[in-house]
1. Rounded, prolate or oblate: pick one for region 1-71, where a ≥ b ≥ c are the square roots of the eigenvalues of its C-alpha gyration tensor, a/c under 1.5 means rounded, and failing that, prolate if a/b is larger than b/c, else oblate.
2. If you rank 255, 148 by fewest surrounding Cβ atoms within 10 Å, what's the result?
3. Take every Cα pair under 8 Å in the chain that's 6+ residues apart, average their separations, divide by the length, and report that relative contact order as a whole percent.
4. What does the helix-only formula give at 222 nm for the chain: each DSSP H stretch with n ≥ 4 adding -39500 (n - 2.57), the total divided by the residues, and the result rounded to the nearest 500 deg cm²/dmol?
5. Straight-line reach from residue 324: which lysines fall under 28 Å, measuring Cα to Cα and dropping same-chain residues less than 8 apart?
6. Could you tell me whether the chain comes out rounded, prolate or oblate from its Cα gyration tensor? Rule is a ≥ b ≥ c as square roots of the eigenvalues, rounded for a/c under 1.5, then prolate if a/b exceeds b/c, otherwise oblate.
7. How about region 120-223: which trypsin sites (Lys or Arg not before Pro) there are in a DSSP loop, with at most 16 other Cβ atoms within 10 Å of their Cβ?
8. Translational diffusion coefficient, Stokes-Einstein: compute it for region 135-283 using the Kirkwood radius over C-alpha pairs as Rh, at 25 °C and 0.890 mPa s, and state it as an integer in µm² s⁻¹.
Amino acid sequence: MIIDFLADYYRDVEKYPVLSQVEPGYLQKRLPKSTPHNPEPIETILQDVQEHIVAGLTHWQSPNFFAYFQCTSSMAGFLGEMLSTGFNVVGFSWIASPAATELETIVVDWLGEILELPKSFLFSGNGGGVLQGTTCEAVLCTIVAARDQMLSQIGRENLLKLVVYASDQTHSAIQKAAQIAGIHPKNFRAIKTSKSTSYALSPDSLRAQIRKVVEAGLVPLFLCATVGTTPTAAIDPLDKLCAVAKEYGMWVHVDAAYAGSACICPEFRHFIHGVEDANSFSLNAHKVVLNHFGLLLPLDNLRSFMRNHVKMANLFEGLVAKDKRFEIVVSRKFAMVCFRILPSALSDKVHKNDKLDIVSEEDANEANRKLLEFINMSGRVFMTHAVVEGVCVIRFAVGATL
Ligand SMILES: Cc1ncc(COP(=O)(O)O)c(C=O)c1O
């Protein structure tokens, strides 16, 4: 019955407003005040789910979802998840469930191989990896590993001297992980990027920052380089950044949460060029590789799935570029288009900045926020925004499975 219920949900998902229309606190008003004493028939429960839970879902699997980065699913992922939930396996050590442990090592190596990661990153090359729930967990593990390695050399009393670097485009997961790992909050350094490098971290800026830190008697510990940043899918130049970091004995982690999956296609692999000099690498298989829980689809299907998304984003980009009122803010590399209404397109729509006789960037930001709100409230499409160098951009991220 539940499978039929879900099948109906997927059949109808396109008809629901993609962004949930409920108000905060809506569910408290609809559910009983305390735990029910008596059981209810499954039909009644599913009716409640339909009325009260589906109404409060933002439909991530809707074909109208273009927000954040997609969290993909697939029939293969779905079935794998059912098996895994059905077995309810606990796999904290090999003997707790040999099949789970061994399957994990095998698929992690498969993934490493299709990404052409260096042999030292694979179990078969005395490296290896794990399936974590999220990038947040993966980054925390790597910062802790880097921290302990460094403190074993310089003494644990030096924890507050350790410095973690990333660009100002890096996901907040890194800053949080640094804080959880005990890095002094002031020693998380977000290095400024600009449009001139398409928001990629400049190796020269990194070097300048490291020099200052060393002069101040602190210890550069960790650099997170991102391939496909969250705001604009910018690519940090791994080879050059690794070269700088190595001079100072730093650990380099590559966060390829979004764009790493694209690198399974030979035409995108060059974006992780230089990964061989990094210490660790993570990606979100659930973002693009149609994967809830470690089950991968055949490689050719995954590649064509990726390429279709890129093709659709390319089409959208072409349509936006034709309209002179809009600007493509950074050139598209994957399946996300970052665009905005230009201040010049608004000159007769909003009041003018008296002195300069032009529409201010602030007015343009406000207009872009309003446009996005208007689009999202329609329930027909859901997109999100980012702010880069004070400019509000609308992100159109293609990734739906349906
Ligand atoms: C570049 C990047 N890093 C990290 C994350 C965080 O991923 P997770 O939610 O799996 O922790 C995201 C999420 O969108 C991301 O885009």
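A short reminder: the numbers here are calculations on the coordinates, not readings from a lab. Because the structure is a prediction, the values reported are computed rather than measured. Reconstructed Cβ throughout: ideal geometry from the backbone, glycine too, with neighbour counts over all protein chains shown.
1. On the way: a/c = 2.86, a/b = 1.46, b/c = 1.96.
Taking the square roots of the gyration eigenvalues as a ≥ b ≥ c, region 1-71 is oblate.
2. Details: 255 29, 148 11.
Fewest-to-most ranking of 255, 148: 148, 255.
3. Working: 655 pairs, mean separation 77.4, N = 402.
This gives 19 percent for the chain.
4. Working: 12 runs with 150 residues, N = 402.
Computed mean residue ellipticity for the chain: -11500 deg cm²/dmol.
5. The qualifying lysines are 195, 311, 333, 349, 352, 355, 370.
6. Working: a/c = 1.62, a/b = 1.07, b/c = 1.51.
Note, shape of the chain comes out oblate.
7. On the way: sites: 147, 156, 161, 176, 186, 189, 192, 195, 207, 211, 212; in loops: 192.
Answer by residue number: 192.
8. Values: Rh = 15.1 Å.
D, rounded to a whole number, is 162 µm²/s.
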